[in-house]
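K.L.:
Got a structure for you, questions after.
The values are calculated or read from the model by the stated rules, or taken from the named source; none is laboratory data. The structure presented is a predicted model; accordingly, all values stated were derived computationally and were not measured. For neighbour counting, all protein chains shown are included, and Cβ atoms are generated from backbone atoms with ideal geometry for every residue, glycine included. These area figures cover heavy atoms from the full protein model, side chains too; ligands, DNA and RNA do not enter into them. Shrake-Rupley method; radii C 1.70, N 1.55, O 1.52, S 1.80 Å.
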Amino acid sequence: MRPGAALPGDAALVILPGSKATIADLAALRAAGFDIDIAAHRRRGGHVLGLCGGYQMLGRSIADPVGIEGPPGRADGLALIDVETVLDGDKRLEPVQGETDDGTPFAGYEMHIGVSKGADCARPFARLADDRPEGAVSADGRVIGTYIHGLFADDRQRSAWLERLGAGPSTVMHDALVEGTLDRLAAHLAAHVDLDRLLRLAR
């Protein structure tokens with residue numbers, strides 16, 4: 001979306017993606033007016049999903065006391081879920097798997113800094129394979145925050161989300177699509193690029 005453009009009024013789901021500068025990007029989101037559009041979308045009965053930094057933005061506040069992502073500071077969040085985030089400690093990076101709250105399995109990964117805590121964490125979005133709860137869900141179930149990346153690359157999750165939103169099951173097999181695309185790219189390069197000459201020039 002371009003700054004100043006309105007979110008589509010008929011959108012079923014708004015996704016807030018991750019960020020490497022969450023407080024700064026939250027300020028940019030507000031400057032563009034998207035906070036107003038997201039609040040209106042939620043009032044119309046729409047769903048909101050925050051992934052990683054987007055999850056942190058959905059909460060009541062974000063604090064970066066030691067300046068991990070920029071100057072030390074604190075910002076009010078969008079307050080669509082009842083959590084507060086503090087950015088501190090080491091970056092968490094690991095593969096994860098488990099089930100979301102509707103019983104759909106997933107495989108993905110976590111990559112984030114910070115801890116989010118609050119009342120809505122009592123309604124976790126997912127439960128990891130080691131039985132740890134993950135994420136938070138608003139009281140009305142329409143706003144979800146999670147640190148899990150790669151959800152929509154998982155065919156099971158993508159189908160579950162599309163069906164939940166009334167769009168029907170996914171007909172795309174993600175891994176097969178990626179492999180097929182890479183194979184076609186490799187074949188195109190082999191047909192149109194003199195790889196032997198490039199290798200000689202690189203020596």
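K.L.:
Could we say that Gly98 is open to solvent by less than 30 Å² (accessible area, probe 1.4 Å), under 18 Å from Gln157 (Cβ atoms) and either in a loop (DSSP other than H, G, I, E, B) or in contact (Cβ under 8 Å) with a residue 24 or more places away in the chain (or both) here? Even if it seems obvious, please write down each step before you answer.
P.N.:
Numbers: open to solvent by less than 30 Å² (accessible area, probe 1.4 Å): yes; under 18 Å from Gln157 (Cβ atoms): yes; either in a loop (DSSP other than H, G, I, E, B) or in contact (Cβ under 8 Å) with a residue 24 or more places away in the chain (or both): yes.
Against the criterion (open to solvent by less than 30 Å² (accessible area, probe 1.4 Å), under 18 Å from Gln157 (Cβ atoms) and either in a loop (DSSP other than H, G, I, E, B) or in contact (Cβ under 8 Å) with a residue 24 or more places away in the chain (or both)), Gly98 qualifies.
K.L.:
Looking only at the stretch 110-131, how many residues end up being part of a loop (DSSP other than H, G, I, E, B), of a type outside the set (A, V, I, L, M, F, W, C) and either under 20 Å from Gly150 (Cα atoms) or open to solvent by less than 70 Å² (accessible area, probe 1.4 Å) (or both)?
P.N.:
Step one: of the stretch 110-131, the residues part of a loop (DSSP other than H, G, I, E, B) are 113-114, 118, 123-125, 129-131.
If we keep only those that are of a type outside the set (A, V, I, L, M, F, W, C) as well, we get 114, 118, 123-124, 130-131.
Remaining after also requiring either under 20 Å from Gly150 (Cα atoms) or open to solvent by less than 70 Å² (accessible area, probe 1.4 Å) (or both): 114, 118, 124, 130-131.
The total comes to 5.
K.L.:
Just to confirm my filter: which helices (runs of 4 or more DSSP H) fall fully inside the stretch 1-74 and include at least 3 residues that are open to solvent by 40 Å² or more (accessible area, probe 1.4 Å)? Explain how you work it out, then say what you get.
P.N.:
Values: elements: 22-31, 34-43, 53-58.
The helices (runs of 4 or more DSSP H) meeting that bar are 22-31, 34-43.
K.L.:
Mind listing just one residue for me: the one in the stretch 157-182 that is of a type in the set (Val, Ile, Thr) and at pLDDT 70 or above and, of those, most open to solvent (accessible area, probe 1.4 Å)? Steps first, answer last, please.
P.N.:
Filtering the stretch 157-182 down to residues of a type in the set (Val, Ile, Thr) leaves 171-172, 178, 181.
Now drop any that are not at pLDDT 70 or above, which leaves 171, 181.
Numbers: Thr171: 131, Thr181: 66 Å².
Top of the filtered list is Thr171.
K.L.:
Which residue is most open to solvent (accessible area, probe 1.4 Å), if the candidates are limited to the stretch 142-151 and must be over 17 Å from Leu93 (Cβ atoms) and touching a His at 6+ places or on another chain (Cβ under 8 Å)?
P.N.:
The first filter runs over the stretch 142-151 and keeps only residues over 17 Å from Leu93 (Cβ atoms), leaving 142-145.
Pick out the ones that are also touching a His at 6+ places or on another chain (Cβ under 8 Å) and you get 142-144.
On the way: Arg142: 82, Val143: 0, Ile144: 16 Å².
Going through the qualifying residues, I end up with Arg142.
K.L.:
Also, I was wondering about something else. Quick one: would you say Val86 is crowded, with 17+ Cβ neighbours inside 10 Å, under 30 Å from Arg156 (Cα atoms), at pLDDT 95 or above and not small (Gly, Ala, Ser)? Can you show your working first?
P.N.:
Values: crowded, with 17+ Cβ neighbours inside 10 Å: yes; under 30 Å from Arg156 (Cα atoms): no; at pLDDT 95 or above: yes; not small (Gly, Ala, Ser): yes.
Answer is no for this residue.
K.L.:
May I ask you to list the residues in the stretch 112-135 that are in contact (Cβ under 8 Å) with a residue 60 or more places away in the chain and within 13 Å of the chain's Cα centre (by Cα)?
P.N.:
Listed by number, the residues that qualify are His112, Gly135.
K.L.:
Here's another thing I want to ask about it. Just one of the numbered conditions (1) in a strand (DSSP E or B); (2) within 26 Å of Asp25 (Cα to Cα); (3) open to solvent by less than 20 Å² (accessible area, probe 1.4 Å) is not true of Phe106; which one?
P.N.:
(2)
K.L.:
Still on this structure, please answer the following. Does Ala139 meet the test of being aliphatic (A, V, I, L, M), farther than 21 Å from Ala63 by Cα and surrounded by fewer than 16 Cβ atoms within 10 Å (Cβ to Cβ)?
P.N.:
Values: aliphatic (A, V, I, L, M): yes; farther than 21 Å from Ala63 by Cα: yes; surrounded by fewer than 16 Cβ atoms within 10 Å (Cβ to Cβ): yes.
So Ala139 fits the description; yes.
K.L.:
Hey, could you check the stretch 43-66 for residues that are out of contact with any strand residue (DSSP E or B) (no Cβ under 8 Å at 6 or more places or on another chain) and of a type outside the set (D, E, K, R) and say which is nearest to Asp120 (Cα to Cα)?
P.N.:
Filtering the stretch 43-66 for residues that are out of contact with any strand residue (DSSP E or B) (no Cβ under 8 Å at 6 or more places or on another chain) and of a type outside the set (D, E, K, R), the one nearest to Asp120 (Cα to Cα) comes out as Gly45.
K.L.:
Within the stretch 4-19, which residues are under 19 Å from Arg164 (Cβ atoms) and aliphatic (A, V, I, L, M)? Spell out how you get there, then give the answer.
P.N.:
Within the stretch 4-19, the subset under 19 Å from Arg164 (Cβ atoms) is 8, 10-16.
Of everything in the stretch 4-19, those that are under 19 Å from Arg164 (Cβ atoms) and aliphatic (A, V, I, L, M) turn out to be Ala11, Ala12, Leu13, Val14, Ile15, Leu16.
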